[in-house]
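Contents: one structure, followed by commentary.
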Amino acid sequence: MKQYLLLIVFFYLSNIFAQSTASAQVSTFSIDAPQLKTNKKIWVYLPKNYKTSTQKYPVMYLHDAQNLFDASTSYVGEWNVDETLDSINAKVIVIGIEHGGDKRIEELTPFKHSKYGGGKADDYLDFIVNTLKPKIDATFRTKTNSKNTAIFGSSLGGLVSFYAAIKYPNVFGKVGCFSPAFWFGRNEMNELLSKTKDFNTKIYFMCGDNEGDADVIPDMKNIEYWVNSKRCECKKKNKEVIVKGGQHNEKLWREQFKKAYLWLF
């Protein structure tokens, strides 16, 4: 416990003196989230030419925004989403949703776990779909249909992103599913899949072979097998990547983000 408290103190002290690494294309705002009974900080990445163009852009919704753009807000390292997209002159808007701290497990899990609790992803996704997305579409020049709307995350974020594609197939047409925590509510997920008739979402599965969880690869393959069973070979729209030596951390997700983005879009 003492070491844990020291880590927290170190993290906050580090943030006080740390300089932001977010690019000029990144801004933030706050929005009420009545479904979650809280206020959410949202990060927005706009393409380099956004202000000088009139075109509309596809949108990616990413979880755990504290770790996406800025080293000063992440104690585990950032994904470098902004630098990566800047480097390839990507034509996409990214919406990062900050996790709820000690509420993160609740928000990102569709089922309740006997040990870890959780199970309020329906409220979290209700917020994204019915509160946040209308705000984004009204504020920015977005392509609003499912073909141009992605949801993306890692670990529990990968789990809830896949779940979002099942719950809102007409909203999210693309999914980035990194190191998905399918172990969380495995039986409940299998039951949900048994009741789901169709799946047409384009999805990018990725994990490392050294993530510390012996079931991460078979769990991911089980989900992918189900996805493939729901579409004919001519409509196969998913990709699986297993990274040799890849661990369950931001380094892996940072290094694989560009490939996933380019494949999805």
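The values are calculated or read from the model by the stated rules, or taken from the named source; none is laboratory data. Worth saying up front: this structure is predicted, and the values here are computed from it rather than measured. Methodologically, a virtual Cβ is constructed for each residue, glycine included, from the backbone with ideal geometry; neighbour enumeration extends over all protein chains shown.
Here are a few things to note about the model shown:
- Subset of region 36-50 [surrounded by fewer than 18 Cβ atoms within 10 Å (Cβ to Cβ) and outside any strand (DSSP E or B)]: K37, K48, N49, Y50
- When each of F205, F184 is tested for being in contact with a strand residue (DSSP E or B) (Cβ under 7 Å, 6 or more places away or on another chain) and in contact (Cβ under 8 Å) with a residue 40 or more places away in the chain, the lone residue that passes is F184.
- Being out of contact with any His (no Cβ under 6 Å at 6 or more places or on another chain) and surrounded by 15 or more Cβ atoms within 10 Å (Cβ to Cβ) is a property that T196 lacks.
- Per-region count, region 141-180, residues surrounded by fewer than 24 Cβ atoms within 10 Å (Cβ to Cβ) and part of a loop (DSSP other than H, G, I, E, B): 10
- Enumeration of residues in region 200-218 that are of a type in the set (A, V, I, L, M, F, W, C) and within 19 Å of the chain's Cα centre (by Cα): I203, F205, M206, C207, V216, I217
- Qualifying residue in region 55-76 (condition: assigned to a helix (DSSP H, G or I), at pLDDT 95 or above and among the aromatic types (F, W, Y)): no
- Where a residue in region 134-151 is under 23 Å from T52 (Cα atoms) and modelled with pLDDT of 95 or more and its partner, wherever it lies, is assigned to a strand (DSSP E or B) and of a type outside the set (A, V, I, L, M), with Cβ under 7 Å and at least six apart: I136/T142; R141/Y57; T142/Y57; K143/Y57
- Test result for F199, at pLDDT below 95, closer than 21 Å to V59 by Cα, in a loop (DSSP other than H, G, I, E, B) and of a type outside the set (D, E): yes
- Residue match in region 10-21 (condition: touching an Asp or Glu at 6+ places or on another chain (Cβ under 9 Å), surrounded by 11 or more Cβ atoms within 10 Å (Cβ to Cβ), farther than 20 Å from I136 by Cα and at pLDDT 95 or above): no
- Restricting attention to region 181-193 and to residues that are farther than 29 Å from T144 by Cα and crowded, with 20+ Cβ neighbours inside 10 Å, the residue that is modelled with the lowest pLDDT turns out to be G185.
- Residue within region 193-209 that is closer than 24 Å to F257 by Cβ and of a type in the set (A, V, I, L, M) present: yes
- Candidate set from region 202-218 (those that are outside any strand (DSSP E or B) and touching a Cys at 6+ places or on another chain (Cβ under 7 Å)); member that is surrounded by the fewest Cβ atoms within 10 Å (Cβ to Cβ): I217
- Only one entry of N89, N80 meets the criterion of being touching a helix residue (DSSP H, G or I) at 6+ places or on another chain (Cβ under 6 Å) and touching a residue at least 24 places away in the same chain (Cβ under 8 Å), and that entry is N80.
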